[in-house]
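Working notes for the structure below.
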Amino acid sequence: MLKTAFKTLLLGIGVCVISLNPASPGYAQKQEGDANKPKILRFALRNHPGSFNPTLIGTIADYQLATQLFDTLLEVDYYKRPLEIVPNLLEEMPTFKDDPHSNRRTWSFQLEKGIKFHPDPNCPDLGPNGRDLVAKDVFYSWKRMAFDNTDKEFSEIDPPKNWEDFKGLIVGFDEYRKRQNELAADPGVDFDFDAEVEGLVEDPDDPYRFQVILTGPQEDFLERLTYQTTAVIAREAIEFYDSRFAYNHPIGTGPFMITPGSTASSNDITFTKNPHYHQKDPITQKRLPLVDGIEWTVMAKDQTRWLEFKGAKQDIVEVPYDYVREAIGGLRSKRYRVKPNWIRNDKSRRQGAQLHVVNKLHFFHIGFNMDDEDVGVVGDEERDAQNLALRQAMAMATDLDEINDVFFKDCWSQFDGPIPPGVIGHPDPENEELPEGFVGYGAEEAKKHLTSAGFTLEVDDGNLTLYRDGKTVELTFYHAAGGSSPELVELFERQMSDIGVKIIKRGMPFANMLDAVSKKKPQLFIMGSYFAFDDPIHMLGKFYGPYESPGNNTFNYKDRAFDEAYQRLQYLEVLEVGTDEHLQTVRKMRDMIIADVPMIGSLNNTSFYLAYRWVRNYQPHGSMYSWPRYVDIDTEDPSYKP
């Protein structure tokens, strides 16, 4: 198992589908008889990205696109399973040395020389040829995550959302953040990105060398450097384009560059190949990327994406669950195969498609805002006990089997708590005594639970209504307006009506919902969380008090015993992974979440990807977004349909 704190990604419920559409403006147009046909990867997004800027990203769409534009110091090897961390912008893996007189650990880095930022003729300091990446760029990019008051500098940019990636990690960084934001609160003072941080040390004799001094061993540090939020950006571009950098002028060192005219809000977002990209495929030694460009098309409706793929207007699709049974056989036996008649058009059927099945590290949940006075913990013993009973009863009345069958065609697996299958601490009935969860007991048991906690139930105009202190129990439920979310929320609303809880639905664009969750507005919300590596500390970290919104703890769950156990788990991750204490600590924390019900869940998904046979070297992984640089399009394949 690779120990890591890989970034949690948020997904508006429904599957995030990637597909691509025909060659766009900005690419050389294919001519009849042209032997050098442009290779354009066609791929569809469910949602628009909220931003290209690594300091602001948080959704699947954000990560998918930003990974093509920006590079991190380290990355996950595309080919190796289990996953392995390898250099990206570095000449070699960094080395460390521990201070025998303190708990500090110093890491030394050597950047690969000659890596250039994308050229930009409109940005004078980058010019038509770009410029070399140096250590100063790494530190500037990281310091941007420390800057809270971005409204002052760039009125259209929200504050960075990912500070917890660095919180408490680097010597002097938290103090730098606090000091600079205090100074920048003065209208006449700017945030100083050049101010020194004790733990960020440039080599005075070599602009490509630097050191990072950590507050402790922090075993997951290298894995954090694979987060797209730590990617390196061009300072000149930020200062020249202001807010436009995040939406239509993102400049990094990545394998692709945005095509002029494309923006984060475009329905068709086109990227073109970076001809000077520094990486080669480790197997073939071919210069990456292999395709000439990517066209990302935003398609909110599952049916649209599916029909576009069946018409060979997309190269790859994550099969929407409504169409899984049409295309894939062996679902019950789990001996998956592509059905021979999955495409009715004879010509398309002969083109053929390859099936890829991915079991993702993921949990789907309906979350409670634990800071809310009607469902959370407010410090009043009686109120808190009633709120706990309400959360438990709502879990009892939730039928995840019905949700799984209706929306995911019974392809997902159900489990208690936040730890998905394949991860240490996943419920193991054969080897442990499991806690008594609440999901699925049914409405009758839920009603008994509520009345015993002091709630009352009455029938008003033929409808069951739940009352507390004479007031109707009404809860606001925030959800994404696209995909299957509205229908799923309606099903949940019906299930809650069986216990008299009135659900007030608030659908909105996914980016708006994330913003509302980060500001603690919803009482209920629906999301899915994905993880790249199989380490339980990341799932449990979603409930760690100091990570509350706008951090990864979107539930705003705060419990002293849980937080202390999490801190102990961080220590065990360094020295004692796999020991009995490590396992028991994970189980203890899991069981606290099951008992306190900050969420209703969970479901873990299996995804099915289809790629036409002209797509070469496609190897999907649940949370790896670097794959487009390794994929090739064989335009000479007889079945190729541009």
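The values are calculated or read from the model by the stated rules, or taken from the named source; none is laboratory data. Since this is a predicted model, take the numbers as computed values, not measurements. Here the Cβ is made from the backbone with ideal geometry for all residues, glycine too, and neighbour counts use every protein chain on show. What goes into the accessible areas is simple: the full protein's heavy atoms, side chains included, and nothing from ligands, DNA or RNA. Shrake-Rupley method; radii C 1.70, N 1.55, O 1.52, S 1.80 Å.
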Taking K and R as +1 and D and E as -1, what net charge do the other residues with C-beta under 15 Å from the C-beta of residue 412 add up to? -3
Structure-based [θ]222 nm, the chain - -39500 (n - 2.57) summed over DSSP H runs of at least 4, per residue, nearest 500: -7500 deg cm²/dmol
Matching label for the computed percent of Cα pairs over 49 Å apart, out of (i) 42; (ii) 28; (iii) 13, is (iii)
The chain - accessible surface per residue (Å², probe 1.4 Å): 41 Å²
Within a Cβ distance under 10 Å of residue 546, other residues only, what is the Lys/Arg minus Asp/Glu net charge? -1
Region 395-490, Kirkwood Rh and Cα Rg, ratio Rg/Rh at 1.03
First compute the accessible area of the chain with a 1.4 Å probe, then give the percent of it belonging to carbon and sulfur atoms. 46 percent
In nm, spacing of pseudo-spin labels at residue 613 and residue 113 (7 Å Cα→C-beta vector): 4.9 nm
Give me the Kirkwood hydrodynamic radius of region 525-620 in Å, from all C-alpha pairs, to one decimal place? 15.4 Å
Among 266, 303, 221, the residue whose Cα sits farthest towards the positive end of the charge dipole of region 181-331 (+1 at Cβ of Lys and Arg, -1 at Cβ of Asp and Glu, taken about the Cα centre) is 303
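Using packing as a proxy for protection, rank 309-316, 103-110, 49-56 so that the peptide with the highest average count of other Cβ atoms within 10 Å comes first.
Averaged packing, sorted descending, gives the order 49-56, 309-316, 103-110.
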Suppose the chain between residue 498 and residue 456 were pulled fully straight at 0.36 nm per residue; how much longer would it get relative to their current alpha carbon spacing? 13.8 nm
Net lengthening on full extension, residue 432/residue 409 (0.36 nm per residue, minus Cα-Cα): 5.3 nm
If one computes the Cα centroid of region 532-564 and of region 170-185, what distance in Å separates the two points? 24 Å
Quick one: if you stick a label point 7 Å off each Cα along the C-beta vector at residue 284 and residue 239, how many nm between them? 4.1 nm
